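The values are calculated or read from the model by the stated rules, or taken from the named source; none is laboratory data. Everything numeric in this text was worked out from a predicted model, so none of it was measured. Reconstructed Cβ throughout: ideal geometry from the backbone, glycine too, with neighbour counts over all protein chains shown. These accessible areas exclude ligands, DNA and RNA; they are computed on the full protein's heavy atoms, side chains included. Shrake-Rupley method; radii C 1.70, N 1.55, O 1.52, S 1.80 Å.
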Amino acid sequence: MKILFITTSRLLVSFSLIGFSTLCHSAVASTDTEKDIRLVLQITVDGLRADLLNRYRAEFGKGGFNYLLNNGSVFTNAHYQHANTETIVGHTTLATGTYPSQHGMVGNVIYDRKAGELSYNIEDADAPLLPSREQSSAGEQVDPSQKLSRTKGRSPRAIQVPTFSDGLAAYNAGRSKIFGVSGKDRSAVAMTGHAGKAFWYSTDNGDFITSRYYYDEYPAWVGDWNGQRKAEKYAGKQWKLSSEKPSYLLAGQDDRPYEVDLKGYGRTFPHQYGSADNKLLYTQLLVSPVGDQLLLDFSKALISNEKLGQGSAPDYLSISFSSVDATNHFFGPSSLENEAVVRDLDTTLAELFSFVDKQVGLDHTLIVFSADHGMADMPEYMTELGFAAGRLDAKDIIAAANEAGKQLGIDEVVRYFFRPYVYLDKEKITAANLDYRQVEKAIADALTDFEGVNLAVSTKNFSRYKGNPLLKQVKRNQHTTRSGDIYVIQDPYWFLLEEGLIAVMHGSPWRYDTHVPIIFAGPDITPRKIQRLVHPVDVAPTITTYLGISPPASAQGSPLTEVFE
Ligand SMILES: [Zn+2]
């Protein structure tokens, strides 16, 4: 009886969304079958600030970015609305259609309240990695958030609400195949949701790996792909420009003193990949077009072997490209390296679209394109141009906060600082018999006075900041158990991160970090450019409306109606 009730209500939902015409289809019609969508291909480019597509437009070929820009509904003013514009936060927002306050992924690092420790966003000791080869030495980890991970296990369990792909899996009763792949574990896992299967690139050995959350053993085709050791073949080779140097707009921006040499990788072209036993080789490949090319190659194998787009219901594939972001972090978004990696991604996308056209048909494919965050230009570059910016040292922030605590009689009141949050030692505050809110306020005020800090928000005391335009963004980032006590916002273009290895960071609420492209291309979508302000929370509800299914359970965004006009 219960099952019957669910089925009926589901049908009612779909009828009300897609109209009477669908009634004419048979009862097994899975989605809005008039469009005959067989594949939803969601492409996310990590760190692709929206304006970069304009800067390099003249260099793009026909079939990559230009396929999307010429055939899609292109939203030119899409901005994230949360404050902490980081990878896991943006991807999960795209996947769920809601804010970090609700989906729970408030940062690449989140607070584990039970353990009283910081943790890596998707770590899960109950979902160990599935080894892809008998023996492999570990690569050197350069990602500061990954360094905090207490286990190698990975799963989506920390994502507290369903994703679009979870809804698709439920709606089609298991007939939709759902996959997510990426150069980064968190980007693959977030988009894939709880019901799908995720694979990601390993900086240990260049394989595409997964965890026991998804599989007990590797599908044979993944074993075959990894067995070919495609990444290792780049050992000892070089990243060279794919076209003549003068053809690049930023040819003069190759060697700048504030770019970072990744331990022998160099600041200028050609960049030298390490030897096979170099612990940074597989990271260097990600900091080059090769990371995206390997991901394309693996995605093609996935589409063929898993027969995506060939079943009785639409399948879902998320591909999140990581090399633009990785390259940005070492050379900045206004470097020759950035231009080179985006230009080569254009070729990679053209190859992907042509492959999907042959396998599935672009006339049966909905392509959804966006990014997880933008990127800041380097403080030194901005200073050269006349806008003074600098680098904040996490140690100084901690010292300033501790000094404010000392004035109140508490020694070392800061438990942790991992941007953007300061976490206070509650036991010390209680032991000192002090009012918690008063301590938080004193420290927040001291940090706000710090050079390079725009605002430090005491998160138990939001009403104090009423009227500050940044408050809304901080609030959308605030999760009851996972966020910290004080949210630190740097001044525009100021750098704020704990580790000194990278040259530039995103993560601020400023517009260069929130601005991303949103493009929908597929059957019945009219090519057009839309300039109104829209938000990435609108993406998931737009996909579900296009398919005629209900939005993800917690979605706060609205369908982008221009896609249907
Ligand atoms: Zn990044």
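Name the residues in region 231-246 that are outside any loop (DSSP other than H, G, I, E, B) and loosely packed, with under 12 Cβ neighbours inside 10 Å, would you? If you could, list the steps in order and put the result at the bottom.
Of all residues in region 231-246, those outside any loop (DSSP other than H, G, I, E, B) come to 232-234, 238-239, 245-246.
Selection gives P246 alone.
Identify all residues within region 260-272 that are open to solvent by less than 10 Å² (accessible area, probe 1.4 Å) and at pLDDT 95 or above; write none if there are none. Quick ask: steps written out before the conclusion?
In the first step, residues of region 260-272 are kept if they are open to solvent by less than 10 Å² (accessible area, probe 1.4 Å); the result is 262, 265, 271.
Within region 260-272, Y265, H271 qualify.
Being open to solvent by less than 10 Å² (accessible area, probe 1.4 Å) and under 24 Å from L501 (Cβ atoms) is the filter; apply it to region 368-384 and report the residue that is farthest from the ligand (Cβ to nearest atom). Let's see the steps before the verdict.
To start, the set of residues in region 368-384 that are open to solvent by less than 10 Å² (accessible area, probe 1.4 Å) comprises 368-376, 378-379.
Those left that are additionally under 24 Å from L501 (Cβ atoms): 371-376, 378-379.
Working: A371: 11, D372: 8, H373: 7, G374: 10, M375: 8, A376: 11, M378: 14, P379: 16 Å.
For region 368-384, the residue satisfying everything is P379.
Only one of (1) hydrophobic (A, V, I, L, M, F, W, C); (2) more than 16 Å from the ligand (Cβ to nearest atom); (3) open to solvent by less than 30 Å² (accessible area, probe 1.4 Å); (4) closer than 19 Å to W510 by Cβ fails for F387. Which number is that?
(3)
Is it the case that region 32-48 has a residue that's open to solvent by less than 80 Å² (accessible area, probe 1.4 Å), more than 22 Å from I525 (Cα to Cα), over 26 Å from the mean Cα position of the chain (by Cα) and at pLDDT below 95?
no
Considering only residues that are more than 16 Å from the ligand (Cβ to nearest atom) and within 11 Å of the chain's Cα centre (by Cα), which ones fall in region 80-117?
Within region 80-117, just A95 meets the criteria.
Scan region 480-504 for residues that are closer than 25 Å to K441 by Cβ, at pLDDT below 95 and either within 13 Å of the ligand (Cβ to nearest atom) or not in a loop (DSSP other than H, G, I, E, B) (or both) and jot them down.
Within region 480-504, just L496 meets the criteria.
As an exercise: evaluate Q228 against (1) of a type in the set (S, T, N, Q); (2) surrounded by fewer than 21 Cβ atoms within 10 Å (Cβ to Cβ); (3) touching a residue at least 24 places away in the same chain (Cβ under 8 Å) and give the number of the one condition it does not meet.
The number of the failed condition is (3).
Of all residues in region 313-352 being more than 16 Å from the ligand (Cβ to nearest atom) and among the charged types (D, E, K, R), which is surrounded by the fewest Cβ atoms within 10 Å (Cβ to Cβ)?
E351
Just to check your reading of the model, which residue among A188, A173, A198 is within 21 Å of S312 (Cα to Cα) and either open to solvent by 10 Å² or more (accessible area, probe 1.4 Å) or modelled with pLDDT of 95 or more (or both)?
Values: A188 fails: within 21 Å of S312 (Cα to Cα); A198 fails: within 21 Å of S312 (Cα to Cα).
It is A173.
Does P162 satisfy the condition of being in contact with a Gly (Cβ under 8 Å, 6 or more places away or on another chain), touching a residue at least 40 places away in the same chain (Cβ under 8 Å) and open to solvent by 10 Å² or more (accessible area, probe 1.4 Å)? Don't jump to the end; show me each part of the working.
On the way: in contact with a Gly (Cβ under 8 Å, 6 or more places away or on another chain): yes; touching a residue at least 40 places away in the same chain (Cβ under 8 Å): yes; open to solvent by 10 Å² or more (accessible area, probe 1.4 Å): yes.
Yes.
Is at least one residue of region 263-279 touching a strand residue (DSSP E or B) at 6+ places or on another chain (Cβ under 6 Å), in a loop (DSSP other than H, G, I, E, B) and under 19 Å from S354 (Cβ atoms)?
No: zero hits.
Go through (1) under 30 Å from D435 (Cα atoms); (2) open to solvent by less than 10 Å² (accessible area, probe 1.4 Å) for R415 and report which single condition fails.
Exception for R415: condition (2).
Given D112, D126, which one is at pLDDT 95 or above and open to solvent by 10 Å² or more (accessible area, probe 1.4 Å)? Write out each step before concluding.
Numbers: D112 fails: at pLDDT 95 or above.
Just a single option satisfies the conditions, and that option is D126.
Against the condition more than 21 Å from the chain's Cα centre (by Cα) and open to solvent by 50 Å² or more (accessible area, probe 1.4 Å), how does T459 come out, does it pass? Give the steps one after another, and end with the answer.
Working: more than 21 Å from the chain's Cα centre (by Cα): yes; open to solvent by 50 Å² or more (accessible area, probe 1.4 Å): no.
Taking the combined requirement at face value, the residue does not satisfy it.
Give the residues of region 505-535 that are within 16 Å of the ligand (Cβ to nearest atom) and open to solvent by less than 20 Å² (accessible area, probe 1.4 Å), sorted by residue number.
Once the filter is applied, which keeps residues that are within 16 Å of the ligand (Cβ to nearest atom) and open to solvent by less than 20 Å² (accessible area, probe 1.4 Å), region 505-535 yields H506, G507, S508, P509, D513, T514, V516.
Tell me, which helices (runs of 4 or more DSSP H) lie completely within region 311-404 with 3 or more residues that are of a type in the set (S, T, N, Q) and at pLDDT 95 or above? Before the answer, list the steps.
Numbers: elements: 323-331, 336-359, 379-384.
Where helices (runs of 4 or more DSSP H) fall fully within region 311-404 and carry at least 3 residues being of a type in the set (S, T, N, Q) and at pLDDT 95 or above, they are 323-331, 336-359.
Which is under 27 Å from V287 (Cβ atoms) and either part of a loop (DSSP other than H, G, I, E, B) or of a type in the set (S, T, N, Q) (or both), of S145, S176?
Details: S176 fails: under 27 Å from V287 (Cβ atoms).
Going through S145, S176 in turn, the sole match is S145.
For region 192-203, check the following and say yes or no: at least one residue is closer than 19 Å to R133 by Cα and out of contact with any strand residue (DSSP E or B) (no Cβ under 8 Å at 6 or more places or on another chain). Show your work before the answer.
First pass over region 192-203, keeping only residues closer than 19 Å to R133 by Cα: 198-203.
From the residues that got through so far, the ones that are out of contact with any strand residue (DSSP E or B) (no Cβ under 8 Å at 6 or more places or on another chain) too are 203.
Yes, some residue in region 192-203 is closer than 19 Å to R133 by Cα and out of contact with any strand residue (DSSP E or B) (no Cβ under 8 Å at 6 or more places or on another chain).
Given the criteria within 18 Å of H271 (Cα to Cα) and either within 15 Å of the ligand (Cβ to nearest atom) or in contact (Cβ under 8 Å) with a residue 24 or more places away in the chain (or both), does N305 qualify? Break it down stepwise before answering.
Numbers: within 18 Å of H271 (Cα to Cα): no; either within 15 Å of the ligand (Cβ to nearest atom) or in contact (Cβ under 8 Å) with a residue 24 or more places away in the chain (or both): yes.
Considered against the rule, which asks whether it is within 18 Å of H271 (Cα to Cα) and either within 15 Å of the ligand (Cβ to nearest atom) or in contact (Cβ under 8 Å) with a residue 24 or more places away in the chain (or both), N305 comes out as no.
For residues that are part of a strand (DSSP E or B) and of a type outside the set (A, V, I, L, M), scanning just region 118-129, find the one that is nearest to the ligand (Cβ to nearest atom).
Filtering region 118-129 down to residues part of a strand (DSSP E or B) leaves 118-120, 123, 129.
Adding the requirement that they be of a type outside the set (A, V, I, L, M) leaves 119-120, 123.
Values: S119: 19, Y120: 14, E123: 18 Å.
Checking each candidate, the answer is Y120.
What number goes with the only condition from (1) touching a Phe, Trp or Tyr at 6+ places or on another chain (Cβ under 7 Å); (2) in a helix (DSSP H, G or I) that A170 does not pass?
The one condition A170 does not meet is (1).
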